């Protein structure tokens, strides 16, 4: 039975679904990374994802327009990010606890709206698979990498873009400076407050897209609490990836591949308790966090509110 | 604060602002309910009808109030654990998993030994529940102290792992023999012996767990403010570098804070089984068993300003909101999930209100500097100087 796992079709299936499953983690973790690099820990990702997932799903259900759906989700995410920013930047509230508050808010509101406005689980037509010309025709590789839906491509494109913005642009420099030494950044004329609002709102937008990618691209359905902890895992992946886009990519892929493997183990009926298979990625994450050699402590000003002296 | 000799107007003004500070959580809740009223209006429901149904459902009758108290027990226990952890500056959001593991361990023992006297089994089960939670909280503590793993992340992961262990146990080793035979295969355990169930306090579902939880609240107060251990946990929470300099084993106290916090959550899980359901049953999710108490208990503790005694009424208030939410759902057809959302807003508003509290304090300090007042600065309830002998 175990040998069933090692056929070409199954391995391809695992890699292909692993790549798809990495999509929400990539969007949410990259967004979270920008926030943390500027000094803001947002624990409300799960709530933002749930509201984004619901919003996108609802818009598709009512209009059938996928792009409008993602835009609407982005708008909701921006508002959630703005609220998180106001509370943690302007009012200097404890970031971790404020995030838990926004998580509960997002969960409650998405459940409420779903029960009130929809009520039944209903499938929709989500983002179709787009085969990239030429590349998509390559045997095996083409099938795995270049026959996915639009949001999958965007998620993977986001990684090098985030790396470029963070390391090669003035904006990125400002973000890093604000996260490492806000007082120095401030004395050089960088607006700590403005940079942090920017990253937290960006984080909200990307988290909402992450949620939308679940409800209108990967699963094409909305269920209550459908994110099932993925928002928290996205936060964990930022630590896992040592606050670097490519580190996050590696973590997201590792996590989603193990997840895909676990799904296939169940599909093939291999006699490993499914519960054990489901918990594997979590155990793995803890182990990797514990054993990772780089004891990177992260941005120095992470979770510290900034206040100008005098 | 004894300033009877003061003739300045400022001290009395300051006292007013101190009252104002203490009432911040209440204002925060009122603000959340007002936002909730807007949502209710948008959903086409009359907020006054909805909220009066909620109040009626939570506190309107003897039975309703008893249900509220039943709901408040896990919130209070989780809240007490939260007080310890957050005072020690560790963010334990693993209450859900710790509850589940505590419940599993105590249920397993209760089903395995069937001929013990009831009181003895209840004591053993309480210890087992606390132990299960302590293990599930202590592990992230060790990971944080010795492997530098962020406890927020590890506790979330531990929640997910606990849910899977619960699902596995209730579908396999611990499944009710009747269900194992039947085609339905409902993932639940057998019922506990009648003798093992927590005694009830009145002809309602309210059980003795309420009294135990209240006694424990007093114990946590004593622990935090009257013992060396509590002093050290709070010292580590306030300033790790200074604590280390002062000779406190910082790592040990980080582990202890999470371990104790987990023990309370585990006890909450045990009481949910031995006091309310008399068996464990899973719908596959953690909320199916905990009712989200692992998070709502944090809300109650924050509302109680991380003070174990104030957390008692706070837990009753939030227990009432949860019970009343169902009544509201029946009367105005607005899903009770609204209350989860509003709980989130309460958290956000409470942590935001700290800003105004600090601003008041600063104004006061500025006034002292200006020589208008010679009253010592207020400590915000944080008297770390009281070192127990």
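The values are calculated or read from the model by the stated rules, or taken from the named source; none is laboratory data. These numbers were taken from a predicted model, which means no experiment stands behind them. Cβ placement follows ideal geometry from the backbone for every residue including glycine, while neighbour counts extend to all protein chains displayed.
Annotations for the structure displayed:
- Meets criteria (in contact with a helix residue (DSSP H, G or I) (Cβ under 7 Å, 6 or more places away or on another chain) and modelled with pLDDT of 95 or more) for residue A:76: yes
- Condition check for residue B:125: within 21 Å of residue B:285 (Cβ to Cβ) and touching a residue at least 60 places away in the same chain (Cβ under 8 Å): no
- Output for the stretch A:93-142, where each listed residue is more than 7 Å from chain B (Cβ to nearest Cβ), within 30 Å of residue B:296 (Cα to Cα) and in a loop (DSSP other than H, G, I, E, B): A:119, A:120, A:121
- Residues of the stretch A:242-257 that are surrounded by fewer than 21 Cβ atoms within 10 Å (Cβ to Cβ) and within 13 Å of chain B (Cβ to nearest Cβ): A:242 alone.
- Being touching a strand residue (DSSP E or B) at 6+ places or on another chain (Cβ under 9 Å) and surrounded by 22 or more Cβ atoms within 10 Å (Cβ to Cβ) holds for only one residue in A:77, A:106, A:126, and it is A:126.
- Those residues of the stretch A:34-57 which are within 14 Å of another protein chain (Cβ to nearest Cβ) and farther than 23 Å from residue B:157 by Cβ, in sequence order: A:51, A:54
- Residue match in the stretch B:126-139 (condition: more than 30 Å from residue A:285 (Cβ to Cβ), at pLDDT below 95 and more than 12 Å from chain A (Cβ to nearest Cβ)): no
- Per this entry, residue B:192 is not counted among residues that are under 30 Å from residue B:120 (Cβ atoms) and part of a helix (DSSP H, G or I).
- Qualifying positions in the stretch A:217-268 - assigned to a helix (DSSP H, G or I) and without any contact (Cβ under 8 Å) to a residue 24 or more places away in the chain: A:247, A:250, A:262, A:266, A:267
- Filter result for residue B:173 (surrounded by fewer than 22 Cβ atoms within 10 Å (Cβ to Cβ), free of Cβ contacts under 8 Å to residues at least 24 places away in the same chain and within 14 Å of chain A (Cβ to nearest Cβ)): yes
- Residue check, residue A:201 surrounded by 24 or more Cβ atoms within 10 Å (Cβ to Cβ), assigned to a helix (DSSP H, G or I) and touching a residue at least 40 places away in the same chain (Cβ under 8 Å): no
- Conditions (1) part of a loop (DSSP other than H, G, I, E, B); (2) within 14 Å of chain A (Cβ to nearest Cβ): number failed by residue B:204: (2)
- Sole exception among (1) surrounded by fewer than 23 Cβ atoms within 10 Å (Cβ to Cβ); (2) under 23 Å from residue B:264 (Cα atoms); (3) under 22 Å from the mean Cα position of the chain (by Cα) for residue B:83, by number: (1)
- Residue check for residue A:176: more than 25 Å from residue A:79 (Cα to Cα), surrounded by fewer than 24 Cβ atoms within 10 Å (Cβ to Cβ) and away from chain B (no Cβ under 14 Å): no
- Residues (within 15 Å of residue B:192 (Cβ to Cβ) and assigned to a loop (DSSP other than H, G, I, E, B)) located in the stretch B:87-112: none
- Among the residues of this structure, residue A:170 counts as one that is without any contact (Cβ under 8 Å) to a residue 12 or more places away in the chain and either away from chain B (no Cβ under 14 Å) or farther than 30 Å from residue B:284 by Cα (or both).
- Selected residue (only one of B:219, B:162 is away from chain A (no Cβ under 14 Å) and modelled with pLDDT of 95 or more): B:219
- Residue check, residue A:130 touching a residue at least 60 places away in the same chain (Cβ under 8 Å), more than 20 Å from residue B:338 (Cα to Cα) and more than 20 Å from the chain's Cα centre (by Cα): no
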